[in-house]
Structures are given as C-alpha cells and as structure tokens.
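Enquirer: Dropping the structure in here first, questions after.
The values are calculated or read from the model by the stated rules, or taken from the named source; none is laboratory data. Keep in mind the model is a prediction, meaning the values are calculated, not measured. Note that we place each Cβ from the backbone using ideal geometry, even for glycine, and neighbour counts take in every protein chain shown. Just the protein is used for accessible areas: all its heavy atoms, side chains included, with ligands, DNA and RNA removed. Shrake-Rupley method; radii C 1.70, N 1.55, O 1.52, S 1.80 Å.
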Amino acid sequence: MLEFIKDFWGFLRERKKFWLLPMLIIFGLLAVLTFLAETSAAGPFIYTIF
Amino acid sequence: MHILGISAFYHDSAAALVVDGQVMAAAQEERFSRKKHDAGFPEHALTWTLEHAGLCLADVDYVVFYEKPFIKFERLLETYLHFAPRGFRSFRAAIPLWLRDKLFQKQQLQTRLREIDAGFDPGKLLFSEHHRSHAASAFFVSPFQNAAVLTLDGVGEWATTTLGVGRGADLELTHEIHFPHSLGLLYSAFTYYAGFKVNSGEYKLMGLAPCGEPKYVQRIYDHLIDLKPDGSFRLNLDYFEYCTGLQMVGARFERLFGGPARKPEEPLRARDADIAASIQQVIDEAVLRLAAQAHALTGLDQLCLAGGVALNCVANGRLAARGPFESLWIQPAAGDAGGALGAALTASYAHGLARNVDASRDGMAGALLGPEFSQQEIEARLDALGARYSRLDETDLLSACARRLDAGDALGFFQGRMEFGPRALGARSILCDARRPDAKDVLNEKIKLRESFRPFAPAVLAERASEWFDLDQSSPYMLLVAGVAAARRGSIPAVTHVDGSARVQTVGAEGEPRFRGLLRAFETLTGCPVLVNTSFNVRGEPIVCTPEDAFRCFMGTELDCLAIGRCLLLKSEQRVAADADYGARFKPD
C-alpha cells in the first residue's frame, strides 16, 4: 500500500492534479466505511455522517 | 534486449515479445483461455511467448504495460465531476471497481509476474501510454523509414485520436483529440443503436453498411458531429450517454433517428442498414480529412495507422484509393491486443536501439506470430482425440484440398503459426470456393452460425489481385475493401458484397506458405486464384489455437474436411460422435 501511495503521489505531482486529492480522500474514507458497514455494526455511523 | 509487452484489464489481453526490435512472438489470451475478448492478465499468452523464445522471465530486460491506469482514473474522475450530478449511476458502478481493483493494476501485474518468477524485479515493470503504444505498433514495424502516424480508437487515457510523425527510431505524437470526442465511441454508439455489442460488433455494422442507403448523413453532421476541414471534430454530447450513463445513447439520440435502438438478435430493419451506411460515410470522411491533415503537417508520403478504428476496412480502402498518401501501412492487430506489441516496441526504441528498415517488407512476418505445432505433435494430438486422418505429402495435400474445395466442400485449414490480431489469414481459417453462389449462406448458417447478412472475405494470390479486384496495392492483412473487378463480379459471388465490394487479402511471399500453395493449386485446377477465407471458429468463439480446438470445431459444425499440417481429415470418415450442441456453448458476440 505504501508503494501505491508513493506512486499516486508521484502521479499527482507530475500531472499537477493536487486538486483531485480531497476527492480521493473522501473516496478512501467512503471505501473504508462501506467495508466496515459490510463487516461490522458500523452501519448507523454512516447515516449520521451522510 | 528482450522486452515483453502486455495489454490487459480492459479487453483483448495479449502478450508480445520483442528482441532487439524484432517481433519474435505475439498472441492474444483469448486463444488460450477460450474466452472471447478475454480481459484478464495474459498468463497463458505470456508464458507461451517466453517458452517459444526459450526464455524465462528473468531473461527479460523489461515488461511494459500498454497504458497508464492512473491517468485513466484521472479522466474518469474529471468526467464525473464535469457532468455531476448526472452520471451518478455510472459513477456508483465504476468507482468501487476502480478503488477495489483497477487502481492497483501495477500491484496486480507485479503479483502475477512474481507468480511466474518469484524473483521478478519490480523495477523492470514499465508503463507506456495507450495511443503511443498504438502508434509504435504501427510505425516501428512498418516498412517505412519515415512516416506520418495516425491513431484512432475509442479512448485510451485521454486521447482518442493522435497524429504524429515517425523518423527512424523516433516517434513523436504532435496532436491529440481528447475524450469525450471520439470517432471510435461515435461508431460504437451506432453499433449499440443497431443492436450489436460495443467493442465487438463494430465490424458487423461495417458489414451492414453496404446493404443500406446513407440517408442520415446530413442529420449526423447537423446534430452529432462537428467535423472541421482539418479533420478535427467535436461530438454533441447532448445525444450520447457514455459519459454519464451505462449505455452509449439515450432517448434524444433515439428520437433523432426515429425510434428505439434495435434489441440484440431482433430482425434487422431497413433503417438499421441505412444508419450503418450513413455513419460509415461520416467515418470515411473524417478519416480522409485527418489523413489529409497528417499529410499536410508532415509532408511525408507514407502513413501508418493503428487503433480500433483502423480495423474499419471500408474507410481504409477509401483512404488507400483517394487519400493523399503514396503508401499506407496498417497494423493488423490495430485494436488493444496490438497495444502489447506497441508497448514493447516503445521501450525498445526508448532505450536507444537503432532501427533497421527493410523497405521490401514489414516487421510483422505476415502476422504469423503465434503458436505452431510440428507434424509429429499434430499426429500425436489427433491420435489422442481418436481422429481418423490420412498423412499426405505437401503436394498431394494441397491437390486434395483444392479438389475438395472445387467439389463444394468447406475446409478447415490449420497450418503453421497462428495469426496475431482479429483476422484469420490462412493459418487458422475456414475456406470455401468463392465461385459457389450458396457458399455465403452455407458458411453463415451451417458452419459459422452467424447472421445471414454478413459478408465473407476473399483471399487471392497477390500477383493476381489486380486482375480480380480494383486494388493497386497489397493487402496482406485483409484490411482494405476494394471493388471486385467489373469483369469478375459474377464469377466470385461468395465474396462479392451487395455493393460489389470485397475485403481483400492478398497472399504473397510473406503469407502462410501452405495457404499460398493451396491458392496456387486451386488456380491450377480451376483457373480461379480466389478462395473464401473466414476465421476458424463459430460465432462467439475465439479463433482456434491448437489441433484440439480445431478438431472440436470441425466435429461441432458442418465443415466437410480439415487439413492440419499434412493430415487430411474427412468428416465422413470420423468415428467420434459429432457435437450437435457445439455452437450453443458460445455466447453470441
């Protein structure tokens, strides 16, 4: 995962697309939450946020 | 320097091996996995290319992937942002897939390569760009020292169309048209509207075009595409759904053409053929204008073409006949499979390799770059299958095949190295007598099990081509449509389309040697140097790769005889039960 993050950071720098970063962080959080929602009792937490 | 190219994870995965700039081997994964358009990691194709060259992965200097996944993801995000909140359904379908899977293609590639060789050095994995791979696959193996280069397809990272110039070992792409404006996607939208599968049924739309009248050309120009005199274009996205939806076109497009999209397998209507004819005319014009611009910008008289749109033989034929270039060379694996080859070639020449050009022939070896089987292997495999065959010497085999064809038989022809790219060129082909008026119906309905309107292509001895077709250049890869010569039009009905055209393959010295021998034997017997040549498969099935695949297809269809190597099999002599359900096992394409 560390290598992926390094590569992606390199990509954002080279393409000068830092403005994509906030969106990607939200996606990442969503992905984690969705994963948690599928495997634990964290479901209601999602609804309180969104 | 040994360089392995890979295309994968979208459609038509493939692997190609380039050694010191020479193409040694290339194959599509579908031929091994038997899954049409297989998009998975090309494990079998890759393993086979290494085995063929007697190498292991550790001997390879670089492995090059044909495109850059992060830039594709960037395009996806920016497209969704641009159209938001429209496109949420598509967003919801695509983004989880990317976050879970597609964004990690580098890691997947490394993992799969380590499964082949645990010591694989990740520093050897490089990434090319989609259209650079296409351009390289056309220019670096062309017989031209210098050439203009044009790539046209659906979309890669951002580019959908590129124009550039190749000089020696340098290739520079100077102009690009970006997504969502795409000739490939425009053609795919019409493919969808006509009820054919996107990324697979485009050639059916091309085959349907001569059956209709181009009644809708002006409507397409008025509403869908703004085509400039220099060949650049913009699509009117109000009519297309591919940026935001899960289909190519929506209600507005359907209203424009007076009704809903045809459902797959529904009977074809006159309107479908008229629409096919219309979009074909628009594509022809766009390709001609882009080529004229490439000619004007480069001042060169040679043109190389690649990308999925370069498989549009009708547009190619028009370009060859009416375009500004003296010579045209089209990569036979112009679609994404060829990207594997282009990726390997890009890396080869980026590492300072000098390019040696032979103006008399290209570097594709007739596209015969896949697996082959020795006579001994073929016999052992046929024996294991319980097949009954006669082993003949080459002259007798070719004479016997010619006699069978003259008698009206449909012949499976399996010889030498398998073709790379979507066309069968005589190594994995089904052949028939082109003079036979009912050959098209017999092949379509009883053997290939496909739609009745679809035409068949002729293979002709290269030295006889101009006597039979209005063609003044070679077409070894069946990528040019030309008129059947007026005096011959009635004599080869099986390959003469409704408008008098044919998708010609000229078979010269670079072609499959036994196939050329058969054309000669057939000409000696009948005076006709032309045969129907269609791929050795049924609808929805990848073209056969091994003798086993060929035997199964032979026993599952109404093929009369089969020549594998020097073995001749007659259906009437087989004791293995025929497989009546063979065709039903493949999902229609």
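Enquirer: Looking at B:L185, is it within 21 Å of B:D499 (Cα to Cα) and under 18 Å from the mean Cα position of the chain (by Cα)? Steps first, answer last, please.
Expert: Values: within 21 Å of B:D499 (Cα to Cα): no; under 18 Å from the mean Cα position of the chain (by Cα): yes.
Considered against the rule, which asks whether it is within 21 Å of B:D499 (Cα to Cα) and under 18 Å from the mean Cα position of the chain (by Cα), B:L185 comes out as no.
Enquirer: Can you confirm whether the stretch B:48-70 contains a residue that is within 13 Å of chain A (Cβ to nearest Cβ), farther than 25 Å from B:D549 by Cβ and either aliphatic (A, V, I, L, M) or assigned to a helix (DSSP H, G or I) (or both)?
Expert: Yes: the stretch B:48-70 contains one or more residues that are within 13 Å of chain A (Cβ to nearest Cβ), farther than 25 Å from B:D549 by Cβ and either aliphatic (A, V, I, L, M) or assigned to a helix (DSSP H, G or I) (or both).
Enquirer: For the structure I just gave you, tell me whether B:R322 is modelled with pLDDT of 95 or more, open to solvent by 10 Å² or more (accessible area, probe 1.4 Å) and of a type in the set (K, R).
Expert: Details: modelled with pLDDT of 95 or more: no; open to solvent by 10 Å² or more (accessible area, probe 1.4 Å): yes; of a type in the set (K, R): yes.
The answer is no for B:R322.
Enquirer: Now, a different point. Taking helices (runs of 4 or more DSSP H) that do not extend beyond the stretch B:72-174, which have at least 1 residues that are free of Cβ contacts under 8 Å to residues at least 40 places away in the same chain, open to solvent by less than 30 Å² (accessible area, probe 1.4 Å) and within 14 Å of another protein chain (Cβ to nearest Cβ)?
Expert: Result: B:88-100, B:105-116.
Enquirer: Can you pull out the residues in the stretch B:248-265 that are assigned to a loop (DSSP other than H, G, I, E, B), of a type outside the set (D, E) and farther than 20 Å from B:G154 by Cβ?
Expert: Matches in the stretch B:248-265: B:F257, B:G258, B:G259, B:P260, B:R262, B:K263.
Enquirer: Ok, one more. As an exercise: evaluate B:I220 against (1) among the β-branched types (V, I, T); (2) assigned to a helix (DSSP H, G or I); (3) open to solvent by 10 Å² or more (accessible area, probe 1.4 Å) and give the number of the one condition it does not meet.
Expert: Result: B:I220 passes all but (3).
Enquirer: Return the only residue of B:R454, B:R516, B:R464, B:R503 being touching a residue at least 24 places away in the same chain (Cβ under 8 Å), in contact with a strand residue (DSSP E or B) (Cβ under 7 Å, 6 or more places away or on another chain) and surrounded by fewer than 22 Cβ atoms within 10 Å (Cβ to Cβ).
Expert: Values: B:R454 fails: in contact with a strand residue (DSSP E or B) (Cβ under 7 Å, 6 or more places away or on another chain); B:R464 fails: in contact with a strand residue (DSSP E or B) (Cβ under 7 Å, 6 or more places away or on another chain); B:R503 fails: surrounded by fewer than 22 Cβ atoms within 10 Å (Cβ to Cβ).
It is B:R516.
Enquirer: Would you call B:A315 under 27 Å from B:A482 (Cα atoms) and either without any contact (Cβ under 8 Å) to a residue 40 or more places away in the chain or open to solvent by less than 10 Å² (accessible area, probe 1.4 Å) (or both)?
Expert: yes
Enquirer: Against the definition (at pLDDT 60 or above, under 15 Å from B:F73 (Cβ atoms), under 13 Å from the mean Cα position of the chain (by Cα) and facing another protein chain (nearest Cβ under 9 Å)), how does A:L30 come out, yes or no?
Expert: Spelling it out, it is not the case that A:L30 is at pLDDT 60 or above, under 15 Å from B:F73 (Cβ atoms), under 13 Å from the mean Cα position of the chain (by Cα) and facing another protein chain (nearest Cβ under 9 Å).
Enquirer: For the stretch B:535-574, which residues satisfy the criterion of being among the β-branched types (V, I, T), over 24 Å from B:R454 (Cβ atoms) and open to solvent by less than 20 Å² (accessible area, probe 1.4 Å)? Give the derivation first.
Expert: Of the stretch B:535-574, the ones among the β-branched types (V, I, T) are B:538, B:543-544, B:546, B:557, B:564.
Subset that is over 24 Å from B:R454 (Cβ atoms): B:546, B:564.
The answer is B:I564, and nothing else.
Enquirer: Quick check on this structure: which one of B:S399, B:S390 is farther than 18 Å from B:P529 by Cβ, out of contact with any Pro (no Cβ under 8 Å at 6 or more places or on another chain) and open to solvent by less than 60 Å² (accessible area, probe 1.4 Å)? It would help to see each step written out before you state the result.
Expert: Working: B:S399 fails: farther than 18 Å from B:P529 by Cβ.
Criteria check complete, one pass: B:S390.
Enquirer: Let me ask another. Can you tell me how many residues within the stretch A:5-27 are at pLDDT below 90 and surrounded by 11 or more Cβ atoms within 10 Å (Cβ to Cβ)?
Expert: Qualifying residue count, the stretch A:5-27: 5.
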